Amino acid sequence: MIYFDYAATSVKRDEILEYILKNKEAFDGNPDSLHAKGREAKKILEDSRRQIAQSIGADPRNVVFTSGASEGNNTVIKAFKDNKIITSAIEHDSILNTIDKNNAILLDANNDGRISLDDLKDAIDDQTKLVAIMYVNNETGAIQPVKEIGEYLKDKDIWFHVDAVQAYGHIDIDVDDINCDSLSLSGHKIGGLNGFGIFYMRENLKPLITGGEQEKDRRAGTSFVAGAYSMAESFPLMVEERAHIKELKSYFIEKLEKSNISYEINGSTENSSDHVLNLYFSDYKSDFLLTYLDMNGICASAGSACRAGSILPSHVISNMYDEDRARHSIRFSFGYTNTKEDIDKAIEVLERLNNER
């Protein structure tokens, strides 16, 4: 199988899994236990926290370990549930399905997949207490103007939250540079284990999950030591792979341009992450095309994996264009295991389908 669905989840890294299994005893203890095994696990946990914090320019004391970005997004939305919120219509479902739409303004995206800073400024009033905008869109790869938003909001009494899941590892992130008050990440997007993420907070918010006193009373639950380690160790590898992934996306577009395939790129390649390419195929509906690709050993997607099994068109492409275009669009997303030969195969399959019409 050729895997072009890295935006859904990354292929796991053999070297990290092998290390965890080889050194399993170091991960066995509960890091909140006072005995030797607990202290051994605690050291791995806190070393990982420092590494992850450094990767986003944060103080480790402001990094809380979670089950993933959805939990972080839920934490901030629910902390401001009784206040006016501004977000966008192209956010992840963990934002859109958590907000109270009676208290929220949803900004539309332009055809390039980006929201307008002017639209945001116009929407802000004295009642606005939270702005939540993703850094990189998970379906189109469009890079949102988060730095400009942070600069505009930094002297206002408005909390600025950034879902940086798709940006992490692909774009340099510094929480002070983008002036965000909170930021959420998931480790599995860069090759770490599923079920682990971080929530950065400049100041503490009300915990979403209560119980024990883990994470300095900011998030209850036994710590996932192996998850923390896998995320920390994946990040430097992800950074090393950037050039390769950028080359793959450019090569894919180059091969498409030389083919006889009828397509259009959704959004703009100028302000887009190098690992996501969303394409409109006017001649084929998404479900048919994905099935055909799958039958020929190629994994792609039609939108967020968090809408698994849904037959609804992508809310992102629908907002940028219309529902019909969304029903004819699919996403290819690239990662470290992909090669140019994989892309050659994908183009060959698409051309064969085109010739069979």
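Taken together, the values in this text are just the output of simple stated rules run on the coordinates, not laboratory data. Please read all numbers here as calculations on a predicted model, not as lab measurements. Glycine gets a Cβ as well: all are built from the backbone with ideal geometry, and neighbour counts include every protein chain shown.
Between helix 69-79 and the chain, what is the angle of the helix's C-alpha long axis to the longest principal axis, kept within 0 to 90° and rounded to the nearest 10? Between the helix axis and the principal axis of the chain, the angle is about 60 degrees. Once you reduce the range 331-357 and the range 249-295 to the center of their Cα atoms, the two points are 9 Å from each other. Here the contact order of the range 14-239, divided by its residue count and restricted to Cα pairs under 8 Å and six or more residues apart, works out to 24 percent.
Looking at the chain alone, DSSP beta bridges between its own residues are antiparallel in about 50 percent of cases. Working note: 222 nm ellipticity from helices only, DSSP H runs with n ≥ 4, each -39,500 (n - 2.57), summed and divided by the residues of the chain, gives -11500 deg cm²/dmol to the nearest 500. Selection among ILE90, LEU183, LEU34 by position relative to the dipole of the chain gives LEU34 as farthest towards the positive end (Cβ unit charges, Cα centre). Ignoring lysines fewer than eight residues from LYS42 along the same chain, the ones with Cα atoms less than 17 angstrom from its Cα are LYS24, LYS216. A simple spin-label model places pseudo-atoms 7 Å from Cα toward Cβ; at ARG352 and GLU18 they are separated by 3.3 nm. In the chain, excluding the sites themselves, the longest stretch lacking any of the GluC sites (Glu not before Pro) that are in a DSSP loop with at most 11 other Cβ atoms within 10 Å is 1-202. For a straight C-alpha distance cut-off of 20 angstrom, the aspartates and glutamates reachable from LYS22 (same-chain residues fewer than eight places away being disregarded) are ASP14, GLU40, ASP47, GLU233. Among PHE80, PHE199, PHE4, a tally of other beta-carbon atoms within 10 Å of each Cβ gives an order, fewest to most, of PHE80, PHE4, PHE199.
What does the net charge come to around SER48 if you take all other residues with beta carbon closer than 12 Å to its beta carbon, with K and R at +1 and D and E at -1? Please list the in-between numbers first.
Numbers: positive: LYS42, LYS43, ARG49, ARG50; negative: GLU46, ASP47, GLU233.
Every neighbour counted, the sum reads +1.
Based on alpha carbons, the Rg and Dmax found for the range 99-173 are 12.5, 36 Å.
Write down the Å³ per residue value for the convex hull defined by the alpha carbon atoms of the chain. Could the numbers behind the result be given before it?
Values: hull volume 46.5 nm³, N = 357.
Taking only Cα atoms, the chain has a hull volume of 130 Å³ per residue.
Quick check on the range 229-357: what does the Kirkwood estimate of hydrodynamic radius come out to from the alpha carbon pairs, in Å? Computed over Cα pairs of the range 229-357, the Kirkwood hydrodynamic radius comes out at 15.6 Å.
As a quick test, which of the pairs LYS156/LYS206; LYS154/LYS246; LYS189/LYS340; LYS246/LYS345; LYS147/LYS206; LYS12/LYS255 have an alpha carbon distance above 23 angstrom in this structure? List each step's numbers first, then the result.
On the way: LYS156/LYS206 21 Å; LYS154/LYS246 32 Å; LYS189/LYS340 21 Å; LYS246/LYS345 18 Å; LYS147/LYS206 26 Å; LYS12/LYS255 28 Å.
Table pairs above 23 Å Cα-Cα are LYS154/LYS246; LYS147/LYS206; LYS12/LYS255.
Rounding to the nearest 10 and keeping the result within 0 to 90°, find how far the Cα-based axis of helix 242-258 lies from the longest principal axis of the chain. Result, in degrees: 20. Computed across the range 45-168, the Kirkwood radius stands at 15.2 Å (inverse of mean 1/r, all Cα pairs).
By how many degrees, between 0 and 90 and to the nearest 10, does the Cα long axis of helix 340-356 differ from the longest principal axis of the chain? Orientation of helix 340-356: about 40 degrees from the principal axis.
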